[in-house]
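Report on the structure given below.
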Amino acid sequence: MEYIIILLVLLVILLAVLKANKKDAELDFNKLVEYLGGKDNIIQSEIKMSRFIVTLKDVSKADKEAIQKLGAKGVVEINNQLKIILGQDSKQLKKYIDEMK
C-alpha cells in the first residue's frame with residue numbers, strides 16, 4: 001500500500017513538472033507580433049536554424065526588451081532587420097505570421 005501512495009505522489013509531481021515546462025516553452029505569438037510593431041510593420045520573415053529573421057518597415061516600433069522577456073534567447077538588430085533566437089519556436093512563428101498576412 002505504501003508503494004502505491006509513493007508512486008501516485010511521484011506521478012503527480014512528474015505531471016506538474018511536465019505541464020510547467022510545456023507552458024514555459026510556448027511563446028505567445030500574438031504578443032510577439034505586437035512587440036514587432038504589429039503585422040503591418042512586418043515586411044518579410046525567414047528562418048535560419050533557430051533564428052527567426054524579420055524585416056520591418058520601422059525597426060524603432062519593435063520592443064526588443066519585451067521580445068526577450070517573452071522567451072527569446074537573444075535579439076540582434078541590423079539595419080531594418082531583427083534576428084531573434086527562438087529555438088524550435090522559429091518555424092511555428094514563421095507559419096503563424098505567414099497565415100496572418
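The values are calculated or read from the model by the stated rules, or taken from the named source; none is laboratory data. This structure is a prediction, so every number in the text was calculated from the model and none was measured. In this analysis, Cβ positions are derived from the backbone assuming ideal geometry, glycine residues included, and neighbour counts consider all displayed protein chains. To get the accessible areas, we keep the full protein, side chains included, count just its heavy atoms, and leave off ligands, DNA and RNA. Shrake-Rupley method; radii C 1.70, N 1.55, O 1.52, S 1.80 Å.
Efficiency by 1/(1 + (r/R0)^6): what FRET value for Q92 and V12, r their Cβ-Cβ distance, R0 = 25 Å, to the nearest 0.05?
After rounding, the FRET efficiency stands at 0.25.
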Practice task
Rounded to the nearest 500, what is the 222 nm mean residue ellipticity of the chain from helices alone, with -39500 (n - 2.57) per DSSP H run of 4+ residues and division by all residues?
Solution key: -15500 deg cm²/dmol
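So with the 1.4 Å probe, I'd like the accessible area per residue for the chain, rounded to whole Å².
I get 72 Å² per residue for this part.
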Handout entry: Cα long-axis angle, helix 89-100 against the chain (0 to 90 degrees, to the nearest 10)
Key = 60 degrees
Fill in the blank from the handout: Relative to the chain, whose Cα atoms define the longest principal axis, helix 2-25 and its Cα axis are tilted in degrees, nearest 10, by 0 degrees
Practice task
Specify which labelled value, from [x] 65, 30, 18; [y] 34, 23, 21; [z] 65, 25, 23, agrees with Cα extents along the principal axes in Å derived from the coordinates of the model shown.
Solution key: [z]
Completion exercise
Of L32, L70, L10, ordered by accessible area with the largest first and a 1.4 Å probe, the sequence is L10, L70, L32
Handout entry: Choice from S90, S50, S60 showing the highest fluctuation, given a GNM over the chain with Cα pairs closer than 10 Å
Key = S60
Practice task
Mind giving me the FRET efficiency for N79 and E99? R0 is 41 Å, r the Cβ-Cβ distance, nearest 0.05 is fine.
Solution key: 0.95
Handout entry: 13 Å beta-carbon shell around V76, net charge (K/R +1, D/E -1)
Key = +4
Completion exercise
Counting only protein heavy atoms with a 1.4 Å probe and every protein chain in place, the carbon and sulfur fraction of the accessible surface of the chain in whole percent equals 57 percent
